[in-house]
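Okay, so here's the structure we're looking at.
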Amino acid sequence: ITYLANVIIVAHADNSLSPKETAAIEEIRSSIGAKKATINAAMKAALSGAFKPCLVGGFATQVSNASDMLYLCYVDGDFDATEKSVLIEFCKQIGLNQE
């Protein structure tokens, strides 16, 4: 749930959810083997107003989560500054930087 909530929060960072982003969330859900019902729980968590992206699993999973978040930022062709700031903060938690 947290992995998908991280993805969803970055998708909603610009206060819009394009059809391409919706499809990408479903693609990510499928790729990690989460059940369809998990999206509803993740959506509820992400949009609760109190959710902040947080780390899930080991380093490889965290990097994969950041990669999926980055993919979602670019999937609609618009990498919004708000999406970027959410992603940068998440990457700092992992210890990744732009270099």
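The values are calculated or read from the model by the stated rules, or taken from the named source; none is laboratory data. Keep in mind that what you see is a predicted model, and the values were worked out from it rather than measured. We place every Cβ from the backbone using ideal geometry, glycine too, and count neighbours over all the protein chains shown. Quick note on the areas: whole protein, heavy atoms, side chains included, nothing else; ligands and nucleic acids left out. Shrake-Rupley method; radii C 1.70, N 1.55, O 1.52, S 1.80 Å.
Pairs please, first residue from region 70-99 and over 27 Å from PRO19 (Cβ atoms), second anywhere and open to solvent by 60 Å² or more (accessible area, probe 1.4 Å) and of a type in the set (A, V, I, L, M, F, W, C), Cβ atoms under 8 Å, 6+ apart in sequence or on different chains. So the pair list comes out as GLN93/LEU55; ILE94/LEU55; ILE94/PHE59. From the residues in region 78-99 that are assigned to a loop (DSSP other than H, G, I, E, B) and within 19 Å of ILE8 (Cβ to Cβ), which one is least open to solvent (accessible area, probe 1.4 Å)? Checking each candidate, the answer is ASP80. Criterion first (assigned to a helix (DSSP H, G or I), among the aromatic types (Phe, Trp, Tyr) and crowded, with 16+ Cβ neighbours inside 10 Å) does TYR71 satisfy it? In short, no. Residue pairs whose Cβ atoms lie under 9 Å apart, separated by 6 or more positions or on different chains, with the first residue in region 9-21 and in contact (Cβ under 8 Å) with a residue 40 or more places away in the chain and the second of a type in the set (Lys, Arg), are ILE9/LYS52; ALA13/LYS84.
Which one is surrounded by the most Cβ atoms within 10 Å (Cβ to Cβ) among residues in region 1-31 that are among the hydroxyl-bearing types (Ser, Thr, Tyr) and within 18 Å of SER64 (Cα to Cα)? The residue in question is TYR3. Just to be sure before I move on: is ALA24 among the small types (Gly, Ala, Ser) and closer than 16 Å to THR2 by Cβ in the structure I sent? So ALA24 does not fit the description; no. Report, by residue number, each residue of region 8-25 that is over 10 Å from VAL75 (Cα atoms) and outside any helix (DSSP H, G or I). Hits for region 8-25 are HIS12, ALA13, ASP14, ASN15, SER16, LEU17.
Exactly one residue out of ALA66, ALA50, ALA45, ALA34 is under 19 Å from ILE1 (Cβ atoms), open to solvent by less than 50 Å² (accessible area, probe 1.4 Å) and not in a helix (DSSP H, G or I): that is ALA34.
Here are ALA46, ALA42: which of them is under 20 Å from LYS92 (Cβ atoms) and under 12 Å from the mean Cα position of the chain (by Cα)? Give the steps one after another, and end with the answer.
Values: ALA42 fails: under 20 Å from LYS92 (Cβ atoms).
Selected residue: ALA46, the only one of ALA46, ALA42 that is under 20 Å from LYS92 (Cβ atoms) and under 12 Å from the mean Cα position of the chain (by Cα).
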